[in-house]
Amino acid sequence: MTPQERITELREMLHKHNHNYYVLNAPQISDKEFDNLMRELQELEAEHPDMYDSNSPTQRVGSDLSKGFKQVAHKYPMLSLGNTYSKEEVAEFYNRVARALNEDFEMCCELKFDGSSISLTYVDGKLVQAVTRGDGEKGDDVTANVRTIRTIPLELTGKGYPHEFEIRGEVLMPWNVFEQLNKEREREGETLFANPRNAASGTLKLMDSTVVAKRRLDAYLYYMLGEELPAKGHYENLMAAGEWGFKISETTCKCSTLQQVYEFIDRMDTVRKTLPFATDGIVIKVNSLRQQKNLGYTAKSPRWAIAYKFQAERALTRLNDVTYQVGRTGVVTPVANLDPVQLSGTMVRRASLHNADIIEKYDLHIGDMVYVEKGGEIIPKITGVDLDARILIGNKVKFISECPECGTPLTRVDGEAAHFCPNSANCAPQLKGRIEHFVAREAMNIESLGPETIEMMFGLGMIRDVADLYTIEPSDLMFLPRMGAKSAENLITGIKASLNVPFERVLFALGIRFVGVTVAKRLAYAFHNIDALMSASFEELTAVEEIGERIAQSLLDYFSNEANKMLVERLKVIGLKFELDAEKLHDRTDKLKGKSIVISGVFNKHSRDEYKAMIEKNGGKNVGSVSKATSFILAGENMGPAKLEKAQKLNIPLISENDFLAMLDE
Ligand code: IVH
């Protein structure tokens, strides 16, 4: 067998095993065997670059070469569906269709997946394009990102697929991935995704498909379009698509009476609570393509289909008490303590009340019967009060005016909903929270120090701030309960090892509000050391890529606080790294210092992301839109007409790809 033949064989095998694993959930070989085949293919492909194929299973890992998104017109517009919220409205739809057709008809009933819709084009069995819904007429070409979704076949199996067709479906982020992603974002001080739908569409729009690949998206397909489809019925086409390797929900079924549709609705309302991803209803479609065509479309949606939306899951329970939690940054969150109640498969005892405004809005009283909902969010929330159930009126819930932990009067920043405890220097949960953040994996990575040990050492007065960690002696640990000799040794070793953690992570570890891992890195590369950062002005801070006013202000606040300055001084003396490693400074220059640069158009020599990195590496700032403050536009081919016009009006120079590269070359 020639290497070329082996490559082809390996690709076929891996496509098949991918499908068995991800779509059928029935792997036929072990993960290790799979990895071995994959490695063999990677090596062979590296040796034979002429065999490159963007649909090879090796390409699932993603590439960072995405060059911004091309807008693509949909061949068939992507319409939405009419919504109904009751069985009566479903009956109205059914009767409308029956009258219009005046003959027997079947319906296909499906789950309504709550993700981000996608349209895939296949030519000769190969995925050639994936486009988002966009405005229904045109969407973003997100092919590179979609290639990383393992449940979407890059090449079809079986036979009988049309030469060219489109198939549409929903890209989903499973609940567990969503929850993990939000946890990470919370740790980094980034805004959280409100629900898996936003997370899925946000992920599809990422520029770097290697990041997309890591987010483990899933996809269900539910609509095939084309000139030469295999069958005359929608359901039958979906079943054929299943044979070709697409993931089609097993719940999809045909119904021939309204009664059967009702039964499907009831069944799915139970089934969906056990599914690993979000659904928000069901979709009922007339099955015959001929009948679909007869019924036609309104301006916005087909007359042959309708969505029935599930009632958001809600439970009624008693509010027993409101307690308050103080976070690491001092934000005070009210928490409702409830009579335990079953909701979406879990027992709920506590729900977030978010802030004082919500308490006021519902005029909450202790003992009230409140509605709890589990939306897309991880923590259930209170969404209303049943005033009719208020027989005895308990005490009105009044938001506290002093910190429940340290008694300091709370403050509220104008325009922000949250109350703060300003006593960052002495409030226990803030102190402990900062230490927990400091030792976290992405920060100083002192793994052996868990929250219980921190609590214990804090309680005994051994540590009050992160600098105290470095004063701990092995002999101090002997007295701690559940701390054996081995754990003590690990702890001391872990603390010592953290002295080698690079500056950007030390900066993140300080726990400055809004300074997550990525922002810390940007700051470290922009200012090189803590002294430069501490003395930077608001303007100097916001001149750095990705550093907005909110982050800049937070940095100024942090470094104007005497206690924080002292802490940094102590950590410096202890020997933590407050300077970027010399080798990381290598090949960084000031050539573009102070320059605000807009990138526009399509480039030949480097990707957009590479140009972005070059701008930053040379001290410049990449901005999105043209304004008076723009220094120049790095202009590729086919630059957007709006940008071009604005640039001409404001007299902003256009610099070509070649001139830009020459500018950076000595
Ligand atoms: S069919 C012309 N089927 O719901 C009909 N849509 O409100 C095209 N959706 O944009 C859509 N599950 O993103 C269809 N089983 C399903 C669906 C589904 C979710 C989404 C889709 C669409 C939106 C319409």
Seminar exercise, completed: For the range 250-376, the Cα convex hull volume per residue in Å³ comes to 180
Problem set entry | Relative contact order (percent, whole number), the chain, Cα cutoff 8 Å, 6+ residue spacing | 10
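Which GluC sites (Glu not before Pro) from the range 192-256 combine a DSSP loop assignment with at most 15 other Cβ atoms within 10 Å?
Glu227, Glu228, Glu250
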Exercise. What is the magnitude of the charge dipole of the chain about its Cα centre, with +1 placed on the Cβ of each Lys and Arg, -1 on the Cβ of each Asp and Glu, and no other charges, expressed in debye to the nearest 20?
Worked result: 1000
Exercise. When the dipole is taken about the Cα centre of the range 411-498, and only Lys, Arg (+1) and Asp, Glu (-1) are charged at their Cβ, what size is it in debye, to the nearest 20?
Worked result: 80
Exercise. In the range 94-244, how does Rg compare with the Kirkwood Rh, expressed as the Rg/Rh ratio over alpha carbon atoms?
Worked result: 1.04
Exercise. If you average 1/r over all unlike Cα pairs in the chain and invert the result, what Kirkwood radius do you get in angstrom?
Worked result: 29.2
Seminar exercise, completed: On the formula 1/(1 + (r/R0)^6), with r taken between the Cβ atoms of Lys254 and His163 and R0 of 30 Å, the FRET efficiency rounded to 0.05 is 0.60
Exercise. In the range 31-138, what GluC sites (Glu not before Pro) fall in a loop by DSSP, with at most 11 other Cβ atoms inside 10 Å?
Worked result: Glu103, Glu137
Seminar exercise, completed: Cα-Cα pairs in the range 572-666 separated by more than 22 Å, as a whole percent of all pairs, come to 34
Seminar exercise, completed: For the range 447-529 the trypsin sites (Lys or Arg not before Pro) that pass both the DSSP coil test and the at-most-13 other-Cβ-within-10 Å test are Arg482
Problem set entry | Projected area, mean over directions - the range 353-423, Cα convex hull, nm² | 6.0
For this session: Please compute P(r) over all alpha-carbon pairs of the range 247-317, binned at 5 Å starting from zero, and give each bin as a whole-number percent.
Result: 3, 13, 21, 22, 18, 13, 7, 2, 1, 0, 0
Exercise. Gain in length, Ala46 to Glu92, computed as 0.36 nm per residue apart minus the alpha-carbon separation, to one decimal in nm?
Worked result: 10.5 nm
For this session: Taking each pair of different alpha-carbon atoms in the range 410-516 once, compute 1/r for the pair, average those values, and report the inverse of that mean as the Kirkwood hydrodynamic radius in Å to one decimal.
Result: 14.9
Problem set entry | Value of relative contact order over the range 104-212, rounded to a whole percent, pairs C-alpha under 8 Å and six or more apart | 31
Exercise. Tell me, what does the Kirkwood hydrodynamic radius of the range 524-616 come to in angstroms if you use every pair of distinct C-alpha atoms?
Worked result: 15.4
Problem set entry | Exposure rule at most 12 other beta-carbon atoms within 10 Å, DSSP loop chymotrypsin sites (Phe, Trp or Tyr not before Pro): the chain longest free segment | 53-478
Exercise. Most exposed first by the Cβ proxy, i.e. fewest other Cβ within 10 Å, how do Leu387, Leu37 rank?
Worked result: Leu387, Leu37
Seminar exercise, completed: Diffing the range 580-589: the Karplus 3J(HN,Hα) column from phi (6.51, -1.76, 1.60, θ = phi - 60°), in whole Hz with x for Gly and Pro, holds 5, 4, 4, 5, 6, 7, 3, 6, 9, 9
Exercise. What fraction of the DSSP beta bridges in the chain is antiparallel, stated in percent and rounded to the nearest 5?
Worked result: 85
For this session: Would you please report the Å³ per residue occupied by the convex hull of the alpha carbon atoms in the range 308-417?
Result: 131
Exercise. For the range 1-40, how big is the tail of P(r) above 17 Å, as a whole percent of Cα pairs?
Worked result: 28
Seminar exercise, completed: Expressed in angstrom and rounded, the centroid-to-centroid distance over alpha carbons for the range 1-47 and the range 516-535 is 44
Exercise. If the cut-off is a Cα-Cα distance under 21 Å, which lysines reach Lys309, setting aside same-chain residues fewer than 8 apart in sequence?
Worked result: Lys87, Lys112, Lys254, Lys273, Lys285, Lys300, Lys374, Lys381
Problem set entry | q = 0.18, 0.26, 0.31 Å⁻¹, the range 558-608: log10 I(q)/I(0) [Debye, one scatterer per Cα] | -0.85, -1.01, -1.09
For this session: Compute the distance in nm between two label points, each set 7 Å from the Cα along the Cα-to-Cβ direction, one at Glu442 and one at Val271.
Result: 3.7
Problem set entry | Whole-number percent relative contact order across the range 1-157, with pairs defined as alpha carbons under 8 Å at least 6 apart | 28
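A short reminder: the numbers here are calculations on the coordinates, not readings from a lab. These numbers were taken from a predicted model, which means no experiment stands behind them. Positions of Cβ are backbone-derived with ideal geometry, glycine not excepted, and every protein chain shown enters the neighbour counts.
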